[in-house]
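Below: one structure, written as structure tokens.
The values are calculated or read from the model by the stated rules, or taken from the named source; none is laboratory data. Since we're looking at a predicted model, the values are computed, not measured. Please note: Cβ atoms are built from the backbone with ideal geometry, for glycine as well, and neighbour counts cover all protein chains shown.
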Amino acid sequence: MQRNSGKTASWEIYSNLKARTPLVARADGRGFKKILECRKKPYDMDFARSMIDATVKIFEDSGLTPSLAFTFSDEISLIFLEAPFSGRVEKIDSVIAGLLSGALSMALGRVVSMDCRVVSVCRAEIVEYLVDRQDETWRNHVFSYGFYMLLKDGLTNTQAMDQLRNMREFEIHELVFRKGVNLAKTPAWERRGMLVYRTGGELVQNWDLPLFKSEEGQRLIDQLIVGN
Ligand SMILES: [Mg+2]
């Protein structure tokens, strides 16, 4: 590709920031609340499948080689042990946001966009990072069930938000349980998110994850990181 060597080249805002590895590229949906308005609540399996399809495309069609990808809600974290684009942050952010926006738009059949940021971690922090995102998956899960149950009871969005803000996690758990849903027994992908990774030359979608903070979870992550 030809570099712009004309006068306007000096007007380009380009920081040339570089990230060390390992690194996480985390993409997040823009304005997905509205996009998902007419979907099944609080969880829509078809949407989750589309997120996985978009993630799979990164492994299969992008030429990039993440070691693993974790996804929940409208968020995808790609873990790289070797930096794509020599660690150039602007390039990583823009290309991955572009790839995932395109792939997800195709999967959903409508135009959507995602942003992307780089999170720099050391090897020992990869599990910690994933534990943190999985904790967020759980909080999101409890809150979403509580929220949509209150809406079903006739509360407005604001009323439901206000009520939940003043509740402890176990209280939301209780509230949802009284309405017939045990939050400990919902599908694992809703509670713990999903992973995509390669093992033995096969691309795996794991919808039934252990807790990353459990021994089994740490073992799984270790295998995927060391195996790469
Ligand atoms: Mg999000």
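Observations on the structure shown:
- Residues of the range 121-174 satisfying the condition of being in a loop (DSSP other than H, G, I, E, B) and either exposed (fewer than 13 other Cβ atoms within 10 Å of the Cβ) or out of contact with any Pro (no Cβ under 7 Å at 6 or more places or on another chain) (or both): C122, R123, A124, D153, G154, L155, T156, N166, M167, R168
- Residue match in the range 23-32 (condition: away from the ligand (no atom under 16 Å from the Cβ), surrounded by 16 or more Cβ atoms within 10 Å (Cβ to Cβ) and either under 21 Å from the mean Cα position of the chain (by Cα) or at pLDDT 95 or above (or both)): yes
- Any pair with Cβ under 9 angstrom, 6 or more apart, that starts in the range 3-18 at a residue that is more than 17 Å from V118 (Cβ to Cβ) and ends at one that is at pLDDT below 85: A9/R3; E12/N4
- Filter pass, V127 being in contact (Cβ under 8 Å) with a residue 60 or more places away in the chain and of a type outside the set (F, W, Y): yes
- V181 being surrounded by 14 or more Cβ atoms within 10 Å (Cβ to Cβ) and free of Cβ contacts under 8 Å to residues at least 40 places away in the same chain: yes
- Of all the numbered requirements in (1) in a strand (DSSP E or B); (2) touching a residue at least 12 places away in the same chain (Cβ under 8 Å); (3) out of contact with any helix residue (DSSP H, G or I) (no Cβ under 7 Å at 6 or more places or on another chain), V196 misses one, and that requirement is (3).
- For R191, the requirement of being under 17 Å from the mean Cα position of the chain (by Cα), buried (at least 16 other Cβ atoms within 10 Å of the Cβ) and part of a helix (DSSP H, G or I) is met.
- Selection count, the range 196-225, where residues are β-branched (V, I, T) and modelled with pLDDT of 95 or more: 3
- Hits in the range 192-223 - residues which are of a type in the set (F, W, Y) and farther than 18 Å from R123 by Cα: W207
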